[in-house]
1. Residues being assigned to a helix (DSSP H, G or I) and either touching a Phe, Trp or Tyr at 6+ places or on another chain (Cβ under 9 Å) or under 16 Å from Ile83 (Cβ atoms) (or both): count how many of those fall in the range 1-29.
2. I'm trying to understand the selection: among the residues of the range 1-56, which are polar (S, T, N, Q), closer than 15 Å to Ala79 by Cβ and free of Cβ contacts under 8 Å to residues at least 40 places away in the same chain?
Amino acid sequence: MLPPGFETIEKYVGYWDVPTTSERWERRAAASMDEIRAFYDDMLAHADQALDVIALHDINAMPDDVATLARLMLALMSAAVAIEVVGAPRDPYSPYPHSVRVLRGPSPWG
């Protein structure tokens, strides 16, 4: 699922590896703070190594395992909002669920 050296974070692939910005937001919004914190802490410990691996590949031609790692890093950014900014899975002043959908984000994982 992930490149060698990232076995300890493979447990997050099933939940956090989703293809779009909207889906990453929905995953964060539906998770508990304990779940987000565990993901955030484990991913942050591997972030520098992950970025080094990802940087070796063209974004449009990544092997599947590296693309999965890249999407987990995007999910880490979403989790960071909950941990570092909001202090909750969702902004307390925004409705949930909401009807806002990002129809097209940056390629390839908008």
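1. First pass over the range 1-29, keeping only residues assigned to a helix (DSSP H, G or I): 7-16, 21-29.
Those left that are additionally either touching a Phe, Trp or Tyr at 6+ places or on another chain (Cβ under 9 Å) or under 16 Å from Ile83 (Cβ atoms) (or both): 9, 12, 15-16, 21, 24-25, 27-29.
So the count comes out to 10.
2. The first filter runs over the range 1-56 and keeps only residues polar (S, T, N, Q), leaving 8, 20-22, 32, 49.
This time we only want the ones that are closer than 15 Å to Ala79 by Cβ, so: 21, 32.
Residues satisfying the conditions do not exist here.
Read the figures in this text as sums done on the coordinates, not as results from a lab. Note that this is a predicted model, so its numbers are computed, not measured. Every residue, glycine among them, receives a Cβ derived from its backbone with ideal geometry; neighbour counts consider all protein chains shown.
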